[in-house]
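Asks: Shown below is the structure under consideration.
The values are calculated or read from the model by the stated rules, or taken from the named source; none is laboratory data. Fair warning: this is a prediction, and the values are worked out from it, not measured in the lab. Because the Cβ atoms are built from the backbone with ideal geometry, glycine has one as well, and the counts that use them run over all protein chains shown. Remember, those area values only see protein heavy atoms, side chains included, never the ligands or the DNA or RNA. Shrake-Rupley method; radii C 1.70, N 1.55, O 1.52, S 1.80 Å.
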Amino acid sequence: MKQLWLIPVLPLAGFLLNGLVALVASSSRAEKESGADHPLAPLPYAQRLFHGVVGVGSVGLAAVLSFAALVPYVLSSLHAPEGLAPVVQKVYTWMVAGDYSVDVAFRLDALSALMLSFVTFVGTLIHVYSVGYMQKDEGYGRYFSYLNLFMFAMLMLVLADNLPLLFVGWEGVGLCSYLLIGYSYDKDFAAAAGKKAFIANRVGDFGMVLGIFGVFALFGTADFSFVDLARRQALAGGAPLGVYAVCVLLFLGACGKSAQVPLYVWLPDAMAGPTPVSALIHAATMVTAGVYLVARCSALFVLAPDALTLVAWIGAGTAIFAATIGLAQNDIKKVLAYSTVSQLGYMFLACGVGAFSAGIFHVFTHAFFKACLFLGSGSVIMSMHHEQDMRRMGGLAARIPHTFRTMLVATLAIAGIFPLAGFFSKDMILGSAAASGHWALYAVGLFTAGLTAFYMFRLVSMTFFGKARGGDHGHGEHAHESPATMTVPLWILAALSVVAGLVGVPAALGGSDRIGRFLGASVAHPEIHEMSHGLEIGLMLLSLGVAVTGLLWAWRWYGKADGPAEAVSPQAHAFYEKAGALGRLVANKWNVDEGIEVLVLSPFWKIGTFLWRGFDALFIDGIANASAFLVELAGDLLRFFTTGHVRNYALAFTLGVAVFLVYVWVR
């Protein structure tokens, strides 16, 4: 690939074209319909066609170029175990400070090529899906311009050859998430969700900035050449404690973008945006950025084993914590949101035990089945006239068969059922934890796998099986399948959810772990003890048994789902009643948001109020007001001596001389 800059520039051009046309068209429509008491008419067909072609076409062309860039690395992984050397293309010098300069330069290696391929491919499918999903939306052009800008920022992040340029893309996806989550800005909950995502990410980004400075202090450069220096342990300065601190700071940034405890709170609320936006954020773009950062800097993290341990336990804790919340959610998109948080925890668990290839492998497979699930949920919501509560669904399998079948395949994939994609990537993570001797982490991951299978099949059961509940308006009785622009992407993603895992078939099952060999030169490979094939197969069967148990349990409780909307499953209702306070905590998401409100937001609100009304209004404003009062008082007193009459001045002069003479005489 000779012109890497074209890959991010194409979506940027789509953003500019769509944004400009949408701005001009909206101004023209506003002038024509000003004063009208009827709502704005739908966009003209020609304008919608333009926005769709530009939006889809720009990302589609970027996907073609990305696959062209990927091919040489795939071929090299088959014939050259050491892989191809990274390709670095400098566009221009961005900043110069003394002897150091930062370039706008793009880096292509196996890791970035893999990320490019599925980000652009899944992004293209989501753009195609959006053509059907958003066709009646008044902000059609604005939507596609934001979506294209999001893709540009993510591609900049993935292709950047240095941390400062990566940070530009990093902040770009943060901005675009704010714009897209708060897309319906006239709705308070959407605007609040957008601000929440923006602020939560700023916390992580503070650590990211300090981490970039720390990398420069350690290696004398922020280019990704520091990765090779880290492999050789060629530190320019700093002790192991400094390396640990830099890794923790970079990981703090990753926690913000990839929604790890405690900075995960923004991601479930991101459901306020349109469903295709949720799919793009959760499957292929923003949330994968943190995992990509850790994998890209893996050689640095290997120098700080304690930092890797922190990454592993934060990931494992996030995985099981989010999975427990997903058990009791009734909003179909919220279940998938907490599922994303949990799966991201799996990815960090893998990185934390040194299995960086396994973490990226799960990023790869997760992109397909999670995009399929989110887009499928959008099809369900549209068929239910924008109803999102699963308790008011049911019986949809026969009415929207394409959506049902594709979501069922994706559900089995995320549950880890053999031989679907999720089985291979998830088992690689669990196997790596076991092989490295982290049996406690393995146990957490295994239990989380069972919870994942349970709450995901609960979603399928409540949505597609049992009777049509449909609420007061009986929406389920009138549900209809989505158009081809929505169902074709679903089938493509479902097919990839089946076959994508084949690139990581382990040797124990007759494979050769192609994904590991492919990423071999791009990520670090700390020593992990090999397991016997017998033990590995035994662990696979154990994880498969746990997943099947979760599925069967969910079917037993929710398969018929014939109860009323308030208590769809009598068994589940009885269980949560017996659980008492614990059940209420799980149903209320462990009261984390309320805890943040009490422990963080409320004290800062009180401090801010004190500084405003106490310190600023009384002290600062008091000093200014008192100074003004004294000046005014002095003026009032002195004005009696400045009458403009000569006799008064002569009298004052005489009195002054007299006082002076008395003073001299007394002295």
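Asks: With every protein chain left in place, what is the accessible area per residue of segment 71-228 in square angstrom, probe 1.4 Å?
Replies: On the way: 5940 Å² over 158 residues.
About 38 Å² of surface per residue is accessible.
Asks: Further, regarding this structure: Arrange the residues T642, T120 by how much accessible surface each exposes, largest first, with a 1.4 angstrom probe. All intermediate terms of the calculation are to be shown ahead of the outcome.
Replies: Working: T642 95, T120 0 Å².
Reading off the accessible areas and sorting them downward yields T642, T120.
Asks: Kindly list the residues of segment 199-218 that lie in the label zone of L175, defined by a backbone N under 20 Å from the point 7 Å along the Cα-to-C-beta vector.
Replies: Within reach of a label on L175, which here means backbone N under 20 Å from a point 7 Å along Cα→Cβ, segment 199-218 contributes 199-210.
Asks: If you take the alpha carbon radius of gyration of segment 110-197 and divide it by 2.2 N^0.38 Å, what ratio comes out, to two decimals?
Replies: Details: Rg = 14.3 Å, N = 88, 2.2 N^0.38 = 12.1 Å.
Dividing the Cα Rg of segment 110-197 by 2.2 N^0.38 Å gives 1.18.
Asks: Going toward the positive end of the dipole of the chain, with +1 on Lys and Arg Cβ and -1 on Asp and Glu Cβ, which of A547, V64, P506 do you reach last?
Replies: The residue sitting farthest along the positive end of the dipole is A547.
Asks: Here are a few candidate values for Rg and Dmax of the Cα atoms in Å: [x] 30.5, 118; [y] 27.5, 84; [z] 26.3, 88. Which one was actually calculated from the structure I just gave you?
Replies: [x]
Asks: For K2, which lysines qualify as cross-link partners when the Cα separation must be under 17 Å and same-chain residues fewer than eight apart are set aside?
Replies: The qualifying lysines are K90.
Asks: Using +1 at the C-beta of Lys and Arg and -1 at the C-beta of Asp and Glu, which of A312, T403, M134 has the Cα lying farthest in the positive direction of the dipole of the chain?
Replies: In the chain, that residue is T403.
Asks: Need the list of lysines near K426 for cross-linking: C-alpha distance under 16 angstrom, and skip anything on the same chain fewer than eight residues off.
Replies: K370
Asks: Right, here's the next one. Give me the percent of the accessible area of the chain that comes from carbon and sulfur atoms, probe 1.4 Å, all protein chains in place. Before the final figure, lay out the partial values.
Replies: On the way: 19760 of 28620 Å².
C and S atoms contribute 69 percent here.
Asks: If you don't mind, another one. A574 to K467: FRET efficiency via 1/(1 + (r/R0)^6), r the Cβ-Cβ distance, R0 22 Å, to the nearest 0.05? Please report the intermediate quantities before stating the final value.
Replies: Working: r = 20 Å, r/R0 = 0.91.
After rounding, the FRET efficiency stands at 0.65.
Asks: Could you compute how much accessible surface R399 exposes when probed at 1.4 Å, giving the result in Å² to the nearest 10?
Replies: Roll a 1.4 Å probe over it and R399 shows about 90 Å².
Asks: Which one of S383, L446, N330 has its Cα pushed farthest toward the positive end of the charge dipole of the chain, where Lys and Arg give +1 and Asp and Glu give -1 at the Cβ?
Replies: Of S383, L446, N330, it is S383.
Asks: Work out the length of the dipole vector of segment 379-513 about its Cα centre, built from +1 on the beta-carbon of each Lys and Arg and -1 on the beta-carbon of each Asp and Glu, and round it to the nearest 20 debye.
Replies: Working: 8 positive and 7 negative charges, 49 e Å.
The dipole of segment 379-513 has a size of about 240 debye.
Asks: A further question on this structure: Suppose every K and R has +1 on its Cβ and every D and E has -1 on its Cβ; what is the size of the dipole of the chain about the Cα centre, in Debye to the nearest 20? Mind showing how you got there, number by number?
Replies: Values: 39 positive and 39 negative charges, 75 e Å.
Computed about the Cα centre, the dipole is about 360 debye.
Asks: With every protein chain present, what is the per residue accessible area of segment 540-667 (1.4 Å probe, Å²)?
Replies: On the way: 10000 Å² over 128 residues.
Ligands and nucleic acids excluded, the figure is 78 Å² per residue.
Asks: Size of the dipole of segment 246-390 about the Cα centre, Lys and Arg at +1 and Asp and Glu at -1 on the beta carbon, nothing else charged, in debye to 20?
Replies: Details: 5 positive and 5 negative charges, 54 e Å.
My answer is approximately 260 debye.
Asks: What distance in nm lies between label points placed 7 Å from Cα along the C-beta direction at F213 and L535?
Replies: For the pair F213/L535, the computed spacing is 4.6 nm.
Asks: Pull up the cross-link candidates among the lysines for K606, meaning alpha carbon to alpha carbon under 26 Å and not fewer than 8 places away within one chain.
Replies: K195, K196, K589
Asks: Taking all protein chains together and a probe of 1.4 Å, list L61, L70 from the most accessible to the least accessible. Could the numbers behind the result be given before it?
Replies: Numbers: L61 100, L70 20 Å².
The ranking, largest first, comes out as L61, L70.
Asks: Still on this structure, I have one more. Any idea what the relative contact order of segment 36-180 is, in percent, if you count C-alpha pairs under 8 Å spaced at least 6 apart? Walk me through the intermediate numbers first.
Replies: Numbers: 161 pairs, mean separation 39.4, N = 145.
The value is 27 percent.
Asks: What distance in nm lies between label points placed 7 Å from Cα along the C-beta direction at T485 and K560?
Replies: 4.2
Asks: Assuming 0.36 nm per residue, please report the length gained on full extension of the stretch R231 to N588 beyond their Cα-Cα distance.
Replies: On the way: separation 357, 0.36 × 357 = 128.52 nm, distance 4.56 nm.
Length gained, R231 through N588: 124.0 nm.
Asks: Same structure, new question: Leaving out ligands and nucleic acids, and using a 1.4 Å probe, what accessible area per residue does segment 264-374 come to in Å²? Let's see the in-between values first.
Replies: Values: 1260 Å² over 111 residues.
That works out to 11 Å² for each residue.
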